[in-house]
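Below is one structure, written out as structure tokens, with a few remarks after it.
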Amino acid sequence: MEVGFLGLGIMGKAMSMNLLKNGFKVTVWNRTLSKCNELVAHGASIGKTPAEVINKCKVTIAMLSDPAAALSVVLDKDGVLEQICGGKGYIDMSTVDPETSCKINEAITSKGGQFLEAPVSGSKQPAETGQLVILAAGDKALYEAAIPAFDILGKKSFFLGQVGNGAKMKLVVNMIMGSMMNAFSEGLTLADRSGLNPRDLLDVLDLGAIANPMFKGKGPAMLQNNYSPAFPLKHQQKDMRLALALGDENSVPMPVAAASNEAFKKARSMGLGDMDFSAVFETLKVLKHSS
Ligand SMILES: NC(=O)C1=CN([C@@H]2O[C@H](COP(=O)(O)OP(=O)(O)OC[C@H]3O[C@@H](n4cnc5c(N)ncnc54)[C@H](OP(=O)(O)O)[C@@H]3O)[C@@H](O)[C@H]2O)C=CC1
Ligand SMILES: O=CC(=O)O
């Protein structure tokens, strides 16, 4: 199967590499074109623009940073819209808000193309090992056509109905994840400041009812101030912001998520946006001990 792939950041690079290693023919494009070189060394072809990739491939996947990037790659000059047409499918796996996804759907389908949103749960390592959870919605026929690729990229795919539902599910999940990361950071700080060994806290948490892969995976690195980015903090803050907007639209009070968003904003203001989202832990370290 031949696919196009737009966006070779942390996730896109791992996902397109995975497709290549599993026998897919992949044509890649990235805004910073030099990032295509590693994929080309593994057998990928290169498209000089998103339009060129769409022209070449029947199905094209995108994995871009945020709503502005997702819209720009479709609507701007040399973008997806210039070449999309009947018989071609476009799958946006970026995390965006439902409104952005609906705008992209309208643009693609107005030219006769098929559209599927398919954001993913799971980070750099699940992307590398094909263990993502795929949250698809939109064109069911395109979903079915994409299953061979989704089976390589993920451990489970959900089809959630109309466009927007995949984006909503992803935002709900990441709203919970961001809030958990803040509670975890506060717990590690409280353990330390009250005279406990935070490493003991990790062991206790791992044996109880709130054990989870995120605490287990991130905790030891956080205690070593290691925030090598798997999921950049700026993207987690974007997801909290978009989830809060979804809460506004649906009159859902979300005080925990709102406080977490403030902590992520503070971390961004401290210059930590490109670090892993666990770097929100650093916002607590600037607080002074009370006497
Ligand atoms: N990292 C993770 O753990 C996960 C991330 N996600 C989501 O996946 C998406 C990608 O994340 P990730 O790979 O980590 O992000 P990165 O920041 O590593 O990569 C972002 C990608 O978007 C491109 N991009 C940014 N702005 C534009 C623009 N205006 N026009 C064209 N391309 C642009 C970048 O191009 P360039 O190289 O030129 O900057 C790059 O290819 C995000 O929506 C994120 O929320 C979802 C699940 C997990
Ligand atoms: O969006 C991030 C993730 O880990 O999922």
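Derivation of every value follows stated rules applied to the coordinates shown; laboratory data play no part. Predicted model only: the values in this text are computed from it and were never measured. A quick note on method: Cβ atoms are made from the backbone with ideal geometry, for glycine too, and the neighbour counts reach across all protein chains shown.
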Original post:
Among the residues of the stretch 164-195, how many are farther than 28 Å from residue 118 by Cβ, touching a residue at least 12 places away in the same chain (Cβ under 8 Å) and either within 11 Å of ligand 2 (Cβ to nearest atom) or among the polar types (S, T, N, Q) (or both)?
Top reply: 2
**OP:** Go through the stretch 129-158 residue by residue and tally those that are in a helix (DSSP H, G or I) and buried (at least 19 other Cβ atoms within 10 Å of the Cβ).
**Re:** 6
Original post:
Can you name the condition, by its number, that residue 39 falls short on among (1) under 26 Å from residue 274 (Cα atoms); (2) not in a helix (DSSP H, G or I)?
Top reply: (2)
Original post:
Looking at 92, 97, which is the one that is out of contact with any strand residue (DSSP E or B) (no Cβ under 9 Å at 6 or more places or on another chain) and buried (at least 18 other Cβ atoms within 10 Å of the Cβ)?
Top reply: 97
Original post:
If you take just the helices (runs of 4 or more DSSP H) that sit entirely in the stretch 183-262, which of them hold at least 1 residues that are within 16 Å of ligand 1 (Cβ to nearest atom)?
Top reply: 213-223, 233-249
Original post:
residue 94 passes all but one of (1) in a loop (DSSP other than H, G, I, E, B); (2) away from ligand 1 (no atom under 14 Å from the Cβ); which number fails?
Top reply: (2)
**OP:** Could you list all residues from the stretch 1-29 that are in a loop (DSSP other than H, G, I, E, B) and crowded, with 22+ Cβ neighbours inside 10 Å?
**Re:** 7, 8
Original post:
Only one of (1) within 18 Å of residue 154 (Cα to Cα); (2) over 22 Å from the mean Cα position of the chain (by Cα); (3) part of a helix (DSSP H, G or I) fails for residue 81. Which number is that?
Top reply: (1)
**OP:** For the stretch 45-93, enumerate the residues that are of a type in the set (Val, Ile, Thr) and without any contact (Cβ under 8 Å) to a residue 40 or more places away in the chain.
**Re:** 46, 49, 74, 84
